1. Being among the aliphatic types (A, V, I, L, M), modelled with pLDDT of 85 or more and within 30 Å of residue 469 (Cα to Cα) is true for just one of 424, 391, 357, 387. Which residue is that?
2. Would you check if residue 37 is at pLDDT 80 or above, more than 19 Å from residue 373 (Cβ to Cβ) and in the same structural domain as residue 281 (by TED's automatic domain parsing)?
3. Pick from segment 503-524 the residues that are more than 18 Å from residue 472 (Cβ to Cβ) and surrounded by fewer than 14 Cβ atoms within 10 Å (Cβ to Cβ): which of them is modelled with the highest pLDDT?
4. Just checking: which of the helices (runs of 4 or more DSSP H) contained wholly in segment 425-528 hold 1 or more residues that are touching a Ser or Thr at 6+ places or on another chain (Cβ under 7 Å)?
5. Residue by residue through segment 339-364, note down the ones that are crowded, with 19+ Cβ neighbours inside 10 Å and under 29 Å from the mean Cα position of the chain (by Cα).
6. Can you work out which of the residues in segment 149-174 that are in a loop (DSSP other than H, G, I, E, B) and either of a type in the set (Asp, Glu) or surrounded by fewer than 21 Cβ atoms within 10 Å (Cβ to Cβ) (or both) is modelled with the highest pLDDT?
7. Only one of 132, 116, 146 is at pLDDT below 85 and either within 25 Å of the chain's Cα centre (by Cα) or surrounded by fewer than 18 Cβ atoms within 10 Å (Cβ to Cβ) (or both); which?
Amino acid sequence: MNEDAPLKDYHRRKLELAGRLRALREVAKQAKDEAREKQCMEWMAKLAEDRFTLAVLGQFKRGKSSLMNAIIGRQLLPTGVLPVTSTITALKFGPQERLVVEREGLLWPEELPLSRLEEYVTENGNPGNQKRVKTATVEVPVPFLRRGLWFVDTPGVGSAIVANTATTYAFLPQCDAVLFVTSVDTPLTSMEMEFLREIRQHVRKIFFILNKTDLLPASQVAEVLAFAARTLREQMDADSQRIFPLSCQRALAGDPNSGLLALQEELARFLSEEKNETFLNVIAQRVAQLAESGGGTHGACAEPQSIASGPARPQRSATLQTRGCPVCDHLYQAVFDFLAQWQYAIATDEKAQTEFATELGFCPLHTWQMNMWSSPVGASVGYGKLALRVAQLLKETPDVIGLVHDTKTCRVCRLMRDAEKRYAAEFAGTLATDAGRETYTRSQGACLRHLALLIAASNNHDVANFLRAQAARRFEEIGEDMQSFAMKTDALRRYLRNDDERDAYLRAITHLVGDRRLCVPWPADVEL
């Protein structure tokens, strides 16, 4: 195998993601959605820089700054007995040591001596972030930080300084991977578990660190490790998650038995073997979320499939977390990927334009959906040959209706039918197992159309009975939620409404007729 093949594949997929972001940015620009346009630009910049953010997170006073100092092998970040870190502090590679501080209200970042770091990132030097520091970036010539790695220290959550917790929570969407630090004295508190669940909403790759092992004898450290593993297994479904016990204090003192070496070796393996894949997966997820928010849809976003992970491979556990129908979500993602790439192709590639014109485009629904990804210039270029082709055919044939695609002849409709059939068969196969049924039980289930397809694809009486029973239970729950929502609203007790009650009517419609993204064109800001 060509040794450069993985790198070339990574580069190809990165450019494809950039193309999707470019299309989304154009849609946001036309809709005058400045916030979403800015997000597209930020993720485009992240792709261009190959910037991978490895953040250190945890409750206050768990030793996060000390851990970073131990990993890079020098006492660089401030540490102390009281809560220290007050802002986001990023370490990145640079040939010369320097400090760059970005502050709200200032057009340009400030370049300062590294010796002034404490004035901007600590509670003592910058209490409550009075200096309005957005980020403090430290550039140092440390080999660990090469190849685009941003190693980020965050304020601890749960201290009396509320602003620190808010700063950390706001930073979670920026993270690509996380070192989560707890300690042997009070491991995995309820607050930490709640924080972990929030982290999991944004980040898949988490390294668990059990710090301060120097505080207990080895036998008690083993007991704490067992407790932490059991807690993660029961509450976070992290059955095979490795926990790294270590003492940052011993590591900084050069003790070879501190436990740091095992963590460093795993980080080195991850950064060399998995970082690129994780990086693309995270951005693909953000792209899908941007598309979801732009379409004005409700519920969780479908799992990104094609570009970030190469050939489509459904990830059922993540997909089943949707508030809608998982099969509908899968089909939407297939259509999204195809149209986002195809609109770019017909705007830039003459061969694609000719092919598009020869096929006479798509059905009305998918024509308008693809138009959402096209700029006026792109649409003009992409549809130019098609318009000329139709003009020529009108001169040659009396069959005008034959020039209009329907769902039987549209390329995208065929793609949907094929994807629907394959996915339903694969999905049904998982329901023949106890684990598959247990996972499905925790989901919202499939819409009626796809429920019928799953039953037919399974060809199993037990599976059919299971699916019908689950659907009946869900419809009963949704019906009750809708009635509760109406009652609490009429009684002027809106504050009593829970999340299930708020979106019950949307879930009901989705599960009755399917996801609206597959049924109607996505909204546009241009009307004729």
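The values are calculated or read from the model by the stated rules, or taken from the named source; none is laboratory data. These numbers were taken from a predicted model, which means no experiment stands behind them. Cβ sites come from the backbone with ideal geometry, for glycine too, and all protein chains shown count toward neighbours.
1. Working: 391 fails: within 30 Å of residue 469 (Cα to Cα); 357 fails: within 30 Å of residue 469 (Cα to Cα); 387 fails: within 30 Å of residue 469 (Cα to Cα).
None of the others qualify; the one that does is 424.
2. No: the conditions fail for residue 37.
3. Filtering segment 503-524 for residues that are more than 18 Å from residue 472 (Cβ to Cβ) and surrounded by fewer than 14 Cβ atoms within 10 Å (Cβ to Cβ), the one modelled with the highest pLDDT comes out as 519.
4. Per the criteria, 434-441, 461-490, 499-502.
5. 339, 340, 342, 343, 344, 346, 347
6. The first filter runs over segment 149-174 and keeps only residues in a loop (DSSP other than H, G, I, E, B), leaving 154-156, 158-161.
Add one more test, that the residue is either of a type in the set (Asp, Glu) or surrounded by fewer than 21 Cβ atoms within 10 Å (Cβ to Cβ) (or both), and what stays is 158-161.
Details: 158: 82, 159: 75, 160: 71, 161: 76.
Only one residue tops the list, namely 158.
7. Details: 132 fails: at pLDDT below 85; 116 fails: at pLDDT below 85.
Checking each option against the conditions leaves just 146.
Here's the yes/no breakdown for (1) of a type in the set (Gly, Ala, Ser); (2) under 30 Å from residue 406 (Cβ atoms); (3) touching a His at 6+ places or on another chain (Cβ under 9 Å):
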residue	(1), (2), (3)
445	yes, no, yes
448	no, yes, yes
476	no, no, no
498	no, no, no
502	no, no, no
520	no, yes, no
